[in-house]
Amino acid sequence: MSPKLKYIILILLLPILFSCNRNPLNINVSGIKLTLLTGRLDQDLFRVTRQNADQMIPELQKKYDLFFGIYNKEVLAIGDSRDSLYANYLLTFLSEPSILKAKMRSDSLFSNFQPYLKQLEEAFRHYHYYYPGLPVPTIVTYLSGYNQSIVKTPQVLGISLDNYLGSDCPYYRMLGLPVYKRENMEPRKLIYDAMYGWISQQFENRGNSEDLISEMIYQGKLLYFLDALIPDGPAILKIGYKKEQLDWCREHEPEMWSYLVEKRLLFSGDRMEMVRFINPAPFTTPFGQKSPGKTGVWIGWQIIKNYMEKNPEMALQKLMEENDYHKILNESGYSPD
């Protein structure tokens with residue numbers, strides 16, 4: 001074959017090669033204009049003092065509205081801001097040494113929240129691309145006392161900054177948090193947890209969740225949606241694994257699937273089995289201590305990827321509407337070698 005002919009064949013093949021490798025979820029959303037509104041409750045709250053509490057607390061109630069009530073009652077558990085003892089409870093929280101230390105570290109890491117806000121805006125541009133009619137939330141950052149990482153209302157996506165102070169944060173060790181939890185308390189995980197939290201509220205499980213495979217596939221749908229919102233983001237941050245844990249799952253995928261099939265666990269409604277394969281954990285007990293937790297979630301993710309590859313005409317919106325999880329399994333053709 002002449003060099004010239006080889007060159008021509010290579011040129012003809014390049015578009016095919018690129019189209020095969022192209023991520024169909026990598027949508028250009030640069031034309032979507034979107035600016036997220038933000039509130040720094042983690043900053044505003046610490047401006048309250050005993051001297052100005054009577055003035056500041058109503059101002060915060062007005063500024064943060066419904067979210068302020070949820071934050072006080074459900075996150076801090078100090079009651080309604082209109083209660084007579086509320087100011088005392090709040091000032092006690094604000095003067096707690098462990099909270100002050102968290103505030104110092106949070107201020108150091110997140111004094112400029114703009115880089116994270118830009119990532120959130122990019123993710124919500126993708127969200128708006130798929131769902132232009134659904135609301136986009138206001139982002140509110142707060143300190144929870146190491147409590148709830150993400151709080152959602154129909155209008156607000158709240159992010160607890162003291163849960164993203166870095167896996168080496170000494171306060172986490174002092175609290176006795178296990179290593180597998182601390183590993184996911186990194187600043188870079190914030191965006192992924194926030195978006196996962198938002199979509200899990202918008203797309204609650206409305207299908208049959210009475211068996212393990214249904215919960216696996218529902219969780220897989222959420223992670224696939226996260227793929228669509230952050231298409232260039234690494235898989236390890238989406239599911240919360242280390243690289244070696246992700247590699248382990250890829251290497252042992254056939255054995256994990258065979259185990260679930262042979263033990264007849266896929267259609268089991270045993271809640272303990274769901275906890276064992278779905279919930280965060282240091283490892284998945286039946287698969288040994290080298291395995292990560294949430295292996296059922298990871299497998300559900302692969303089933304959804306197979307399903308979408310088998311149905312390239314399927315829009316993301318249709319996937320999220322499809323709640324017949326057994327149908328998804330059957331039509332996915334999932335059978336790891």
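The values are calculated or read from the model by the stated rules, or taken from the named source; none is laboratory data. Everything numeric here is computed off the predicted structure, so don't read it as measured data. Heads up, the Cβs are rebuilt from the backbone with ideal geometry, glycines too, and the neighbour counts pull from every protein chain shown.
For this structure, a couple of remarks:
- Residue within region 123-135 that is surrounded by fewer than 22 Cβ atoms within 10 Å (Cβ to Cβ), without any contact (Cβ under 8 Å) to a residue 12 or more places away in the chain and not assigned by TED's automatic domain parsing to the domain that holds Ala228 present: yes
- The requirement of being more than 16 Å from Thr38 (Cβ to Cβ), in the same structural domain as Leu45 (by TED's automatic domain parsing), loosely packed, with under 13 Cβ neighbours inside 10 Å and hydroxyl-bearing (Ser, Thr, Tyr) is fulfilled nowhere in region 109-116; no residue meets it.
Each row is one residue, and each column tells you yes or no for (1) β-branched (Val, Ile, Thr); (2) at pLDDT below 95; (3) under 25 Å from Leu120 (Cα atoms).
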position	(1), (2), (3)
Asn26	no, yes, yes
Leu36	no, no, yes
Phe67	no, no, yes
Ser84	no, yes, no
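- Of all positions in region 201-222, at least one carries a residue that is surrounded by fewer than 21 Cβ atoms within 10 Å (Cβ to Cβ), modelled with pLDDT under 95, out of contact with any strand residue (DSSP E or B) (no Cβ under 8 Å at 6 or more places or on another chain) and part of a helix (DSSP H, G or I).
- Cβ-Cβ under 8 Å pairs, at least 6 apart or on other chains, region 317-330 side more than 18 Å from Trp257 (Cα to Cα), far side small (Gly, Ala, Ser) and surrounded by 13 or more Cβ atoms within 10 Å (Cβ to Cβ): Asn323/Gly207; Asp324/Gly207
- Annotation: of all residues in region 71-92 being among the hydrophobic types (A, V, I, L, M, F, W, C) and surrounded by 17 or more Cβ atoms within 10 Å (Cβ to Cβ), the one that is farthest from Ser149 (Cα to Cα) is Ala87.
- Residues in region 194-234 that are farther than 16 Å from His126 by Cα, of a type in the set (D, E, K, R) and out of contact with any helix residue (DSSP H, G or I) (no Cβ under 8 Å at 6 or more places or on another chain): Glu204, Arg206, Glu210, Asp211.
- Search result, residues across region 66-92 that are part of a helix (DSSP H, G or I) and either over 28 Å from the mean Cα position of the chain (by Cα) or outside the structural domain of Phe46 (by TED's automatic domain parsing) (or both): Tyr86, Ala87, Asn88, Tyr89, Leu90, Leu91, Thr92
- Checking each residue in region 79-104 for being aliphatic (A, V, I, L, M) and closer than 19 Å to Gln55 by Cβ picks out Leu85, Ala87, Leu90, Leu91, Leu94.
- The lone criterion from (1) part of a loop (DSSP other than H, G, I, E, B); (2) at pLDDT 95 or above; (3) closer than 23 Å to Leu60 by Cβ left unmet by Asn147 is number (2).
- Flag for Ser167 being of a type in the set (S, T, N, Q), outside the structural domain of Leu316 (by TED's automatic domain parsing), in a loop (DSSP other than H, G, I, E, B) and in contact with a Lys or Arg (Cβ under 6 Å, 6 or more places away or on another chain): yes
- Checking Gly300, Gly288, Gly269 one by one, the residue that is at pLDDT below 95 and assigned by TED's automatic domain parsing to the domain that holds Tyr218 is Gly269 and no other.
- Test for Tyr142: is it buried (at least 19 other Cβ atoms within 10 Å of the Cβ), out of contact with any Cys (no Cβ under 7 Å at 6 or more places or on another chain) and over 25 Å from Pro292 (Cα atoms): yes
- Within region 266-298, being surrounded by 15 or more Cβ atoms within 10 Å (Cβ to Cβ) and either on the phi > 0 side of the Ramachandran plot or assigned to a loop (DSSP other than H, G, I, E, B) (or both) holds for Leu266, Ser268, Ala281, Phe283, Thr284, Ser291, Pro292, Gly293, Lys294.
- Cβ-Cβ under 8 Å pairs, at least 6 apart or on other chains, region 75-102 side closer than 15 Å to Arg47 by Cα, far side among the acidic types (Asp, Glu) and surrounded by fewer than 15 Cβ atoms within 10 Å (Cβ to Cβ): Ala87/Asp54
So that you can scan it fast, the table gives a plain yes or no per residue for (1) over 16 Å from Leu91 (Cβ atoms); (2) outside any loop (DSSP other than H, G, I, E, B):
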| position | (1), (2) |
| --- | --- |
| Asn28 | yes, no |
| Lys33 | yes, no |
| Gly39 | yes, yes |
| Gln51 | no, no |
| Leu60 | no, yes |
| Tyr64 | yes, yes |
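- Scanning region 302-337 for residues that are more than 21 Å from Glu251 (Cα to Cα) and among the small types (Gly, Ala, Ser) turns up just one, Ala315.
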